[in-house]
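Step one of this worksheet: look at the structure below.
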Amino acid sequence: MLHINNTITIEEWELIEQFTRSQGPGGQNVNKVETAVELRFEAARSPNLSDAVKRRLERLAGRRWTKDGAVVILAQETRSQARNRELARERLADLIRRATEKARPRVATKPTWGSQMRRLKAKATRAEVKTLRGRVEDGE
């Protein structure tokens, strides 16, 4: 069981782990031991997540979100399979925790008078520079 917060827990049957050979350095061990962990969480079908959390999770997961609504996390940093499992589960829990936080609504603000004046002055200066780049007339 994976505890996310006080209200959300992910059951073991919702998580699928596959072990593969890890990339990178590892000496003689790297070609024999399957230490990399691919953790798959069927988020779209999870009864423990609300629809709003699922939508935010899909946006946060990005390319780790599959077409069938699963979150896939790959961990292969260490040479230990157990440590990679812990890392993958921590990453999943952190991702779901971030998805539970609602984004504060943006409050539209009016630009200050000073910032408006600075913007107009910069526009006028830029326009003057561009007019000076024009074709030079022969004054003879």
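Return a yes/no flag: does the range 56-66 have any residue that is under 30 Å from Arg21 (Cβ atoms) and surrounded by fewer than 10 Cβ atoms within 10 Å (Cβ to Cβ). Checking the range 56-66: at least one residue is under 30 Å from Arg21 (Cβ atoms) and surrounded by fewer than 10 Cβ atoms within 10 Å (Cβ to Cβ).
The criterion of being without any contact (Cβ under 8 Å) to a residue 40 or more places away in the chain, of a type in the set (A, V, I, L, M) and in contact with a Leu (Cβ under 9 Å, 6 or more places away or on another chain) does not hold for Leu39.
Return yes or no: is Gln76 crowded, with 16+ Cβ neighbours inside 10 Å, in contact (Cβ under 8 Å) with a residue 60 or more places away in the chain, over 17 Å from Leu2 (Cβ atoms) and not aromatic (Phe, Trp, Tyr)?
It is false that Gln76 is crowded, with 16+ Cβ neighbours inside 10 Å, in contact (Cβ under 8 Å) with a residue 60 or more places away in the chain, over 17 Å from Leu2 (Cβ atoms) and not aromatic (Phe, Trp, Tyr).
When Leu57 is tested against (1) more than 18 Å from Thr100 (Cα to Cα); (2) touching a Phe, Trp or Tyr at 6+ places or on another chain (Cβ under 9 Å), exactly one condition is not met: (1).
Checking the stated criteria, Arg106 turns out not to satisfy the condition of being out of contact with any Asp or Glu (no Cβ under 9 Å at 6 or more places or on another chain), part of a loop (DSSP other than H, G, I, E, B) and modelled with pLDDT under 85. Taken over the range 15-29, the residue count meeting the criterion of being of a type outside the set (Ser, Thr, Tyr) and modelled with pLDDT of 80 or more is 6.
Residue by residue, here is whether (1) modelled with pLDDT of 90 or more; (2) on the phi < 0 side of the Ramachandran plot; (3) of a type in the set (Gly, Ala, Ser) holds:
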site: Asn31; (1), (2), (3): no, yes, no
site: Arg45; (1), (2), (3): no, yes, no
site: Ala82; (1), (2), (3): no, yes, yes
site: Ala124; (1), (2), (3): yes, yes, yes
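Against the definition (in contact with a His (Cβ under 8 Å, 6 or more places away or on another chain), part of a helix (DSSP H, G or I), in contact (Cβ under 8 Å) with a residue 24 or more places away in the chain and buried (at least 16 other Cβ atoms within 10 Å of the Cβ)), how does Ala88 come out, yes or no? Lay out the reasoning, then the answer.
Numbers: in contact with a His (Cβ under 8 Å, 6 or more places away or on another chain): no; part of a helix (DSSP H, G or I): yes; in contact (Cβ under 8 Å) with a residue 24 or more places away in the chain: yes; buried (at least 16 other Cβ atoms within 10 Å of the Cβ): yes.
Judged against the criteria, Ala88 is not a match.
Is it the case, given these coordinates, that Ile8 is among the aliphatic types (A, V, I, L, M), out of contact with any Cys (no Cβ under 9 Å at 6 or more places or on another chain) and modelled with pLDDT of 85 or more? Against the criterion (among the aliphatic types (A, V, I, L, M), out of contact with any Cys (no Cβ under 9 Å at 6 or more places or on another chain) and modelled with pLDDT of 85 or more), Ile8 does not qualify.
The single residue among Thr112, Thr66, Thr78, Thr100 that is modelled with pLDDT of 90 or more and of a type in the set (S, T, N, Q) turns out to be Thr112.
Every condition in (1) under 30 Å from Glu58 (Cα atoms); (2) in a loop (DSSP other than H, G, I, E, B) is met by Val136 except one, and the failing one is (1).
The values are calculated or read from the model by the stated rules, or taken from the named source; none is laboratory data. Nothing here was measured: the structure is a model prediction, and the numbers come from that model. Cβ atoms come from the backbone with ideal geometry, glycine included; neighbour counts cover every protein chain shown.
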